[in-house]
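The numbers here are math on the coordinates, done by the rules we state, and not lab data. Just so we're clear, the structure is a prediction, and the values are computed from it rather than from any experiment. Cβ: placed from backbone, ideal geometry, glycine included. Neighbour counts: every protein chain shown.
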Amino acid sequence: MPATNPAQTLNARLQTLFHHRLRAHHHLLLLALLGVIAGAGSLWLGADANWDLRNYHLYNPWALLNDRWQADMGWNVQWFLNPLPQLPYYALVSLWPNDLRPVTALMGIPGALVAWAMLLLYRELGRQFELPAALLALGWVVSCTGAVTLGQLGTTFNDLAVAFIVLLGCVSILRGLRETDDQRWPALGFFAFGVAMGLKITFGLFVLGPALAWLFTRPRFHALWPGALAATLGLLLAGGWWFTLLQLRYESPLYPFFNNLFESPWWIPITERDARFDPQGLLQWLFYPFYWWRANVLVSEVPFSDGRISLGLLAALGALWPWRGLSLTQRRTLRFMALLMLFTYAIWLKQFAIYRYMLPLELLAPWLLLALGGAISLRQAGQGTPKALWLSSAAVALLLIVTTQPPNWGRVPPSQPSVLAVKSPIDTRNALVAVAQGDPPLNYLAVGLPGPRHFLSVNANLHADTLTGQRAKAMLANSEERYWVTPAPAKANGPRGLAACFGLQLQVTACQPLQANDPGVPQLLICPLREHPHPPPHAEVCP
């Protein structure tokens, strides 16, 4: 019996994975295997403790389920984002508040789903360009090891979960192009894009970008209207209920964003756009992605490095070249994916400039690079896969992987309790509890403390003449029990302290330690609030 060649065995398995038909149970087994890998990776990285988790990822689903619309007030734009994506983590941490290991493992599932969706895309690439399974496997690995893809594994940002929906939309559209179906499959794809936007408004990028790409790929009315209708239905299904609630309660469907246009009386008339990450100067506007090869914070809250999108954009430009020897389907596939990359990046650059908001582009960039390589190699049909494609693919893959530095938004040992495991020396069930909005984020205390009657997240804008400010002042004035939680009572009581903005003062001598598992602060104190004996002028403390 001849000895089994390990290389031949591996190649046969890769052929099965990327080129052979897989039945439903094969996909389920793949998902289970990917889930185990992602769960283990999530545990190895550590339990999530990012800033947004402590700011609003726990508060939002809790507020939804406990109807806190009238009980709490805060000048926190993130409080008003669709809470559906945060519900799974909130449910898990409510089940296991004292041990984050099962929570951390299960939060790896979105990473497994993304890897599976990318596998479907690489299988589609193999169908259209007949690339070797080993090359497809290499591209798949490079796609799934991007900086933010790895950095967000097991976290509560939800970009991976929503990116999974976007990738499924891309799979559907590519299948439609392959089957010359301009309506059914593309409509399903745009429905997925609409759902993604409804769940997370920043993913509107992946409605507008693909829509423009489809317009220039299939500029026919019969090909355009099904996608437009489907995207609208997906948006309304996932986010319509939330937009309606915001309109009914705050007189703006996107509250508090773009309030310079909607003019809700609950917020000041500003756009609430974060311009910190915008490119500075002409060179950055033109070559921004090439700056990300070295670790920096130009487009992220924490340092990272990744070169995938820069090469993906170059590949997109190359894919628009009229390559000879391609079928109509191959040309349309390249055109659609290239234009999706270019249009989405351009919209992102103008509107957001926060890298993690375009996570799907990081995942798709290696796919497009390999697709362009496949298009070029078709010019040498009948000669097998050119050696140059093998060597260049291996070199680019190695370069991208070794230069990738995932961002770390904060991790803690998964064996420790969650931030919900709060122990207070004071019963706050009939009290008002206030915190300063900002750094460190403390809004998770609304969930962890024993049921505050009212919770306020305070900054200077809360004193503005809005309905939110009026409600907050009334709550502070009419609550018999009032407490302020802070890591620095003296600073909170200082000349620029926010309590003084509302004519209040912390009773520093009566502060008591609060036991919290917050990695951002060594010690929290809960302090009674009283009327300020000599309140300073508002102009001095409320900028």
**Asked** What nm value, rounded to one decimal, do you get for the distance between Arg101 and Glu301 when each label is placed 7 Å out toward the C-beta?
**Response** 2.8 nm
**Asked** Does the stretch 142-253 come out rounded, prolate or oblate by the C-alpha gyration tensor, with a ≥ b ≥ c the root eigenvalues, rounded set by a/c under 1.5 and, if not, prolate when a/b is larger than b/c and oblate if not?
**Response** oblate
**Prompt:** When a footprinting reagent is the concern and you count Cβ atoms within 10 Å, what order do Thr403, Thr155, Thr271 take, fewest first?
**Reply:** Thr271, Thr403, Thr155
**Complete:** Expected sort for Val297, Val114 with the fewest Cβ neighbours (10 Å cutoff) up front is Val297, Val114
**Asked** Taking the C-alpha atoms of the stretch 220-291, how large are the radius of gyration and the largest Cα-Cα span, Dmax, in Å?
**Response** 18.0, 45
**Request:** May I ask you to compute the full-extension gain from Arg13 to Gln183, defined as 0.36 nm times their residue separation minus their alpha-carbon distance, rounded to one decimal in nm?
**Result:** 57.7 nm
**Prompt:** Tell me which aspartates and glutamates have Cα within less than 13 Å of Lys350's Cα, excluding those fewer than 8 residues away on the same chain?
**Reply:** Asp274, Asp278
**Prompt:** So which lysines can Lys473 reach, going by Cα to Cα under 24 Å and dropping same-chain residues fewer than 8 places off?
**Reply:** Lys491
**Message:** Can you compute the modelled spin-label distance between Thr403 and Leu229, with each label point 7 Å from Cα toward Cβ, in nm?
**Reply:** 4.7 nm
**Interchain or long-range residues, amide H under 5 Å from Ala436's placed H** = Val458
**Asked** Taking amide hydrogens as modeled 1.01 Å from N in the peptide plane, which residues meet the under 5 Å criterion relative to Leu524, leaving out close sequence neighbours?
**Response** Leu514, Ala516
**Asked** Can you pull out the trypsin sites (Lys or Arg not before Pro) in the stretch 381-483 that DSSP calls coil and that have at most 16 other Cβ atoms within 10 Å?
**Response** Arg429, Arg453
**Item:** Computed E for Lys350/Gln78 - FRET, C-beta separation, R0 25 angstrom, nearest 0.05
**Value:** 0.70
**Asked** So for the pair Asp427, Ala460, with labels modelled 7 Å out along Cα→Cβ, what separation do we get in nm?
**Response** 4.0 nm
**Asked** Extension gain Ala394-Trp69, at 0.36 nm per residue separation less the Cα-Cα distance, in nm?
**Response** 111.6 nm
**Label zone at Ser415 (point 7 Å along Cα-to-Cβ), backbone N below 17 Å, the stretch 99-142** = 99-105
**Request:** Place +1 on the Cβ of every Lys and Arg and -1 on the Cβ of every Asp and Glu in the stretch 54-184, take the dipole about the Cα centre, and give the residue among Tyr89, Asn60, Ile173 whose Cα lies farthest towards its positive end.
**Result:** Tyr89
**Asked** About its Cα centre, what dipole magnitude does the chain give when the only charges are +1 on Lys and Arg Cβ and -1 on Asp and Glu Cβ, stated in debye to the nearest 20?
**Response** 1580 debye
**Request:** At 0.36 nm per residue, minus the direct Cα-Cα distance, what do Lys473 and Arg324 gain on full extension? Give it in nm, one decimal, please.
**Result:** 46.7 nm
